[in-house]
1. When you go through (1) of a type in the set (A, V, I, L, M, F, W, C); (2) more than 28 Å from THR28 (Cα to Cα); (3) part of a loop (DSSP other than H, G, I, E, B) one by one for PHE63, which number turns out not to apply?
2. With the checklist (1) part of a strand (DSSP E or B); (2) open to solvent by 10 Å² or more (accessible area, probe 1.4 Å) in hand, flag the one item TYR94 doesn't pass.
3. Identify the residue in the range 54-70 that is on the phi > 0 side of the Ramachandran plot and free of Cβ contacts under 8 Å to residues at least 12 places away in the same chain and, among all such residues, is surrounded by the most Cβ atoms within 10 Å (Cβ to Cβ).
4. Here are some conditions: (1) surrounded by fewer than 14 Cβ atoms within 10 Å (Cβ to Cβ); (2) at pLDDT below 95; (3) within 23 Å of VAL122 (Cα to Cα). SER11 meets all but one. Which one does it not meet?
5. Need pairs with beta-carbon distance below 8 Å; first residue within 13 Å of GLY8 (Cα to Cα) and within the range 90-119, second basic (Lys, Arg) and surrounded by fewer than 21 Cβ atoms within 10 Å (Cβ to Cβ); sequence gap 6+ or separate chains.
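The values are calculated or read from the model by the stated rules, or taken from the named source; none is laboratory data. Remember, it's a predicted structure, so these values are computed and weren't measured experimentally. With ideal geometry, Cβ positions are generated from the backbone for all residues, glycine too; neighbour counts draw on all protein chains shown. Note: areas computed on protein heavy atoms with side chains; ligands, DNA, RNA excluded. Shrake-Rupley method; radii C 1.70, N 1.55, O 1.52, S 1.80 Å.
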Amino acid sequence: QVQLVESGGGSVQPGGSLRLSCTASGLTLNKVVMGWFRQAPGNERSFVAAISRFGESTSYGDFVEGRFTISRDNAKNTVYLQMNSLKPEDSAVYYCAARFATSANMTQASVRYWGKGTLVTVSE
């Protein structure tokens, strides 16, 4: 059974950093594009970042503004999201996602597997 498990969420002050991890089981990671979405209370789920099967290309949501970096380690079946210069508006539940594709492109409709999410809170 395929499972995506996120970790690394927590509470930080504005300007701080977090690194999220997502470890997959039940699938070969190099067969899927991996990505991250986020959703805050009252907001729609929005695209954060995606990375192609072997890490050759990446894409980011417009709000990232160069602050986040997505990476992957297929040998560890893990994808990462390094988040720097965090803002209060970054507070959300962050979800790991996977789709069978080749390019770093994801929409909610294209996602095949979802993680259960990890909470990020940015506040004083």
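1. With respect to (1) of a type in the set (A, V, I, L, M, F, W, C); (2) more than 28 Å from THR28 (Cα to Cα); (3) part of a loop (DSSP other than H, G, I, E, B), PHE63 is out only on (3).
2. Only one criterion is unmet by TYR94, namely (2).
3. That would be GLU65.
4. Just one mismatch for SER11, condition (2).
5. Once the first residue is within 13 Å of GLY8 (Cα to Cα) and sits in the range 90-119, its partners that are basic (Lys, Arg) and surrounded by fewer than 21 Cβ atoms within 10 Å (Cβ to Cβ) give TYR95/ARG45; TYR95/LYS116.
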